[in-house]
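The block underneath contains the structure these notes are about, expressed in C-alpha cells.
The values are calculated or read from the model by the stated rules, or taken from the named source; none is laboratory data. Here the structure is a predicted model, which means the values were calculated and not measured. Methodologically, a virtual Cβ is constructed for each residue, glycine included, from the backbone with ideal geometry; neighbour enumeration extends over all protein chains shown.
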Amino acid sequence: MAGEPTNTEQSTVSDTPEAASNEGGIIAWTDQVSAFAYRTARDVSRSWTVLGVAVGLPAVMYLLVTATRDFPPTQKGTFAVGIAVLGAMIASLTVFGSQLAVDAEDKRFHAYRAMVVSPSADIVGRMIAAVGVAGVSLLVGLLVGLASGAPISVDGIVPAIAVFGGFIGVSVVFASAAVPVVMAANNEQYAQFVLSLIAVFAFMLTGYNGVVPSVAVLDASVVDLFPNTLATRTMALQLVATDGVEITQTDGWAVLLTAYTLASAGVAVLLVRIGLYDRGIFR
Amino acid sequence: MSRPALHAEDVSKSFGGTSVLDGVDLSVDAGETVVLLGPNGTGKSVLVSCLAGGTTPSSGNIEVLGDKPASRPGTTSFLLQDALCLDKLTGRENISFYSRLNPSFTDKWQELVDLFEIADQLDQPVEHYSGGMRRKIELAIALSIDAQLYILDEPTAALDLTMVREVHHQLSELRDAGKAVLVTTHLPMDADAADRVVFITGDGVVASGTPDSIKAEVPPVVEASLKNAPTITEGVIGGEVFRGDGVVRGIVRPDTDPNSLVSHLPEARVTEPTYSDLFNYYVHLKKVN
C-alpha cells in the first residue's frame, strides 16, 4: 500500500553516483520521486495556511470582486480564468517552496546528500505534488466562476490539451521560481511570505494575468511575453467565448511557453544540484 | 592489512573564514565501533557530516570504502541530529519516506520501534513527540538502512538510561555483523559501547585508543568531599576539580603522591578513573599537563 513502510526486499543499488544512470538506478530514481511527491502532498494536506492561501484565497478574491461590480458574462469568465490561474501560481510556488525551505532550514539536505538522493528525483517529486495542488486550485477557481454564472466550458480534445499545456507550463515555471527564493531566504516563514507575493505581483503587473490588459502595470508589449499571461490567455481563449473581450494571444505562444517551462525547470534542477545538494553540473 | 571502512586525513572545514575543524585525522575499520567524545561546539557534527558526505570539507581527504563519501548509495547510514523527520508527518509516514528514498532500507524498523517502545505512537505527528521519541524514530530510520558504515551523531541524546543501554546493544550488533560504526557523543557513558575512543577538542583529535589503553594513560584520580575541595586543588592538574554527586574529583599531578594528598582528609580516597574523568582529562586538562 502506498505510504506504508513495508519494504522487506532491497532494491538493486546503483553503482554510479547518479541514481538514474543504470537500470537499478532508474527504479531507485522513481522510488525517490514518489517519496518526495507523497511526502509533499501529505505535508501540504495538513497545512491549512498553505491550502487556504493557495486554494481558498483566489476564489474569495473572485467572489468579492464580482459581488461589488456588474461584469458582462464573458468578462466574468475571463476574470474567473485569470483568478484561477493565480491560484495555480500561488499553489505551485508555496507548495513546492515551503517544504523545500523547511528541508533547507533543518539542514535535511545533509542527510539527503549522504543517502545519495538524486537531485532531479527530489525536484520532480516535489513538482508533481505542487502541480497536483495547483490543479486543485485551478479547478476550484473555475468551478466558483462557473457557479457564479461565468460561461466556462471546454469544447473538444484539442482545446482541452491546450488548456492542460498552459496549466502545466505556468505551474512548472512558478514552482521553479521558488528555488532561488528559498535558497536566498534560508528561512521557511520569510520564504513563504515572499513566494505568495511573487504570484500576486505577477498577477497585478500583467493585468490579472493578461486577461484585463487595461489594468496592467507593465507595458502591453512586455505583458504579452510573461509566462502567466501566455498560459492564462491560452486557457481563457479555449474555455470562454471571448467575443467582445480584447484578449489577443502572442504569436508563437506555445513555443515561448514551452521554452519558459523547459528553461525554468532546467535552471531549478541546476540550482538544487549545486546549491542544495552541493554537486557539480554532471557529478 | 585491510583498508579501513572510513579513512579521513587532514580534514578541515571553515565557514566564512571561521575555522570549525582543522586537520582532523580519523579512521574506522569494519567491525569496529569508534566513539567520538568531545564537548559541545568542537565541530563533531560538522566532522561527521563531512565524513558522511553531507558537507564538503574545505580541505583534506576522506574515503568511504575506497571512494569519496556519498558517491554510491547504500554505503553509509547517517543519523543527523534532529534533522530527519518532518514535523507534520507521523512517525510512520516519516519512516515510509525514507524507505522509498533509500534503496538499502530494510524492514528492521518494525523490530526497532518495538524495542524503542514507540510502536504505539507511530501514527501521531512527529511535532507531538518528545525529544527522546524523536531521537528514537530517527534511530529506527538510521539503523534500518543496510549499510557498511554507520555514522550516528549523538544517538543517545535525550534518551533515558534504559534506552541508552538498548542503543549500545544495537551498536554491538552492528559491530558483530562486521559494520563500521562511528558515534559522536558528549555523554561519557557512551564509551561503554566503544572498541576505540577518540577525544576531540577545538585543537582536533587529542587522544585515541582502546578504552583500556586510554584509561591507562590517565593519572590517578582523587575524590574528596565538597568542603575539602580547596585542600586537594594544589595536588591536581591545573588546580581544577570537577563536581560530582556531593563530591569533587581531581586528576593528580604526576609530581604528586596521590596517597599523601588524601591521607589526612576524612572521606577522601584515591580511585580508578571513570569515563567522566577521562573526558575531563583529555578534553580539559591534558593540554595543561
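What the table shows:
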item	result
Answer from B:258, B:254 - the residue that is more than 26 Å from residue B:20 (Cβ to Cβ), surrounded by 18 or more Cβ atoms within 10 Å (Cβ to Cβ) and either touching an Asp or Glu at 6+ places or on another chain (Cβ under 8 Å) or not hydroxyl-bearing (Ser, Thr, Tyr) (or both)	B:258
Residue count for the stretch B:17-41, restricted to those that are on the phi > 0 side of the Ramachandran plot and either within 14 Å of chain A (Cβ to nearest Cβ) or part of a strand (DSSP E or B) (or both)	1
Enumeration of residues in the stretch B:42-72 that are without any contact (Cβ under 8 Å) to a residue 60 or more places away in the chain and part of a loop (DSSP other than H, G, I, E, B)	B:53, B:54, B:55, B:56, B:57, B:58, B:68, B:69, B:70, B:71, B:72
Scope the stretch A:29-49; condition at the interface with chain B (Cβ under 7 Å from one of its Cβ atoms) and in a helix (DSSP H, G or I); matching residues	A:31, A:32, A:34, A:35, A:39, A:42, A:43
Residues of the stretch A:74-122 classified as among the β-branched types (Val, Ile, Thr), facing chain B (nearest Cβ under 10 Å) and over 15 Å from residue B:102 (Cα atoms), total	1
Subset of the stretch B:261-279 that is in contact (Cβ under 8 Å) with a residue 40 or more places away in the chain and surrounded by 17 or more Cβ atoms within 10 Å (Cβ to Cβ) - its residue that is farthest from residue B:192 (Cα to Cα)	B:262
In the stretch A:82-111, residue nearest to residue B:145 (Cα to Cα) [restricted to those that are modelled with pLDDT under 95 and of a type in the set (Ser, Thr, Tyr)]	A:98
Residue list for the stretch B:43-77, restricted to those being among the aliphatic types (A, V, I, L, M), crowded, with 23+ Cβ neighbours inside 10 Å and within 11 Å of chain A (Cβ to nearest Cβ)	B:48, B:51, B:52, B:64, B:70
Residue count for the stretch B:18-59, restricted to those that are at pLDDT 95 or above, within 13 Å of the chain's Cα centre (by Cα) and not hydrophobic (A, V, I, L, M, F, W, C)	1
Filter pass, residue A:192 being touching a residue at least 24 places away in the same chain (Cβ under 8 Å), within 18 Å of residue A:73 (Cα to Cα) and of a type in the set (S, T, N, Q)	no
Residue within the stretch B:25-41 that is more than 25 Å from residue B:175 (Cβ to Cβ) and loosely packed, with under 14 Cβ neighbours inside 10 Å present	yes
In the stretch A:1-49, residue surrounded by the most Cβ atoms within 10 Å (Cβ to Cβ) [restricted to those that are hydroxyl-bearing (Ser, Thr, Tyr) and modelled with pLDDT of 50 or more]	A:40
Any hit, the stretch A:255-278, residues being among the hydroxyl-bearing types (Ser, Thr, Tyr), within 14 Å of chain B (Cβ to nearest Cβ), in contact with a Pro (Cβ under 6 Å, 6 or more places away or on another chain) and surrounded by 17 or more Cβ atoms within 10 Å (Cβ to Cβ)	yes
Those residues of the stretch B:206-242 which are in a helix (DSSP H, G or I) and closer than 24 Å to residue B:22 by Cα, in sequence order	B:214
Looking only at the stretch A:53-81, and only at residues there that are small (Gly, Ala, Ser) and more than 15 Å from residue A:134 (Cβ to Cβ), the one that is surrounded by the most Cβ atoms within 10 Å (Cβ to Cβ)	A:80
One residue from A:250, A:234 being outside any helix (DSSP H, G or I), under 22 Å from residue A:169 (Cβ atoms) and within 22 Å of the chain's Cα centre (by Cα)	A:250
Among (1) among the small types (Gly, Ala, Ser); (2) within 16 Å of residue A:232 (Cβ to Cβ); (3) in contact with a Phe, Trp or Tyr (Cβ under 8 Å, 6 or more places away or on another chain) - the single one residue A:178 does not satisfy	(2)
The stretch B:173-205 - residue that is assigned to a loop (DSSP other than H, G, I, E, B) and of a type outside the set (D, E, K, R) and, of those, surrounded by the fewest Cβ atoms within 10 Å (Cβ to Cβ)	B:177
Qualifying position, being in contact with a Phe, Trp or Tyr (Cβ under 9 Å, 6 or more places away or on another chain) and within 22 Å of residue A:76 (Cβ to Cβ), among A:145, A:125	A:145
